[in-house]
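This report refers to the structure that appears directly beneath it.
The values are calculated or read from the model by the stated rules, or taken from the named source; none is laboratory data. Keep in mind the model is a prediction, meaning the values are calculated, not measured. Here the Cβ positions follow ideal geometry from the backbone for every residue, glycine too, while neighbour counts run over all protein chains shown. The protein model used for the area step is the full one, side chains on, heavy atoms only, and it has no ligands, DNA or RNA in it. Shrake-Rupley method; radii C 1.70, N 1.55, O 1.52, S 1.80 Å.
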Amino acid sequence: MHKAEAAKARPTEGREYPLQQWPRFLQLLHVFLACTIFVFPFLVTIVFWALLADGAFSNEYNTWKNISVHALNSVFALLEIFLSRIVPRWANIPILILVLGGYIGVAYITHATQGFYTYSFLDPSHGAGKLAGYIVGIPVAAIIILALVKGVCWIRDKLLAKGTPRPQEDEYHLREKGSNV
């Protein structure tokens, strides 16, 4: 429903879709949600296939499961990038890092309560330097992915606009109620 309404919306003609009538805080949360949809699937795909894919193709079920969970998520993220008009914001970087930090925290809580590491690369017995590299490298990878997605969105908008004026990203995504920008 949201995609259909957004596709019909013409911001330059004053036509809006329902999200633009929501309170500003909910609009911000929606933009953040979209940013996680644009960034985390690629991050999960990279981390899984680079660090965790040992035995990913050991049998038919594992092959199907790992491709479905750790490859198709990036395909769906690409569809979301190309079928939406949302551009991720640089302001989401601190929130993305907080979510990743929380995820690492939950992984260590799981180890403390259940006795295993959800991801083997988080085990400090493999070396503190290596662990620090992962803890710093994964958020850096998320920022790089965000930059690449912003670039893809910019290209998408340039190719699809073909002379149609488009409001600035802040005006388009986070307008006050009743604004005709």
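Computing the accessible area with a 1.4 Å probe over protein heavy atoms, can you report the carbon and sulfur percentage for the range 42-144?
72
Residue by residue through the range 97-114, what is 3J(HN,Hα) from phi via Karplus (6.51 cos²θ - 1.76 cosθ + 1.60, θ = phi - 60°)? Round to whole Hz and write x for glycine and proline.
Going residue by residue, I get 5, 4, 5, 5, x, x, 5, 5, x, 5, 4, 6, 5, 4, 5, 5, 9, 10 Hz, with x marking Gly and Pro.
How long are the semi-axes of the ellipsoid equivalent to the range 21-96, from square roots of 5 times the Cα gyration tensor eigenvalues, in whole Å, largest first?
Computed over the range 21-96, the values are 31, 13, 9 Å.
Taking each pair of distinct Cα atoms in the range 9-155 once, what is the resulting Kirkwood hydrodynamic radius in Å?
17.4
Please list, by residue number, every one of the chymotrypsin sites (Phe, Trp or Tyr not before Pro) in the range 11-104 that is coil in DSSP and has at most 14 other beta-carbon atoms within 10 Å.
57
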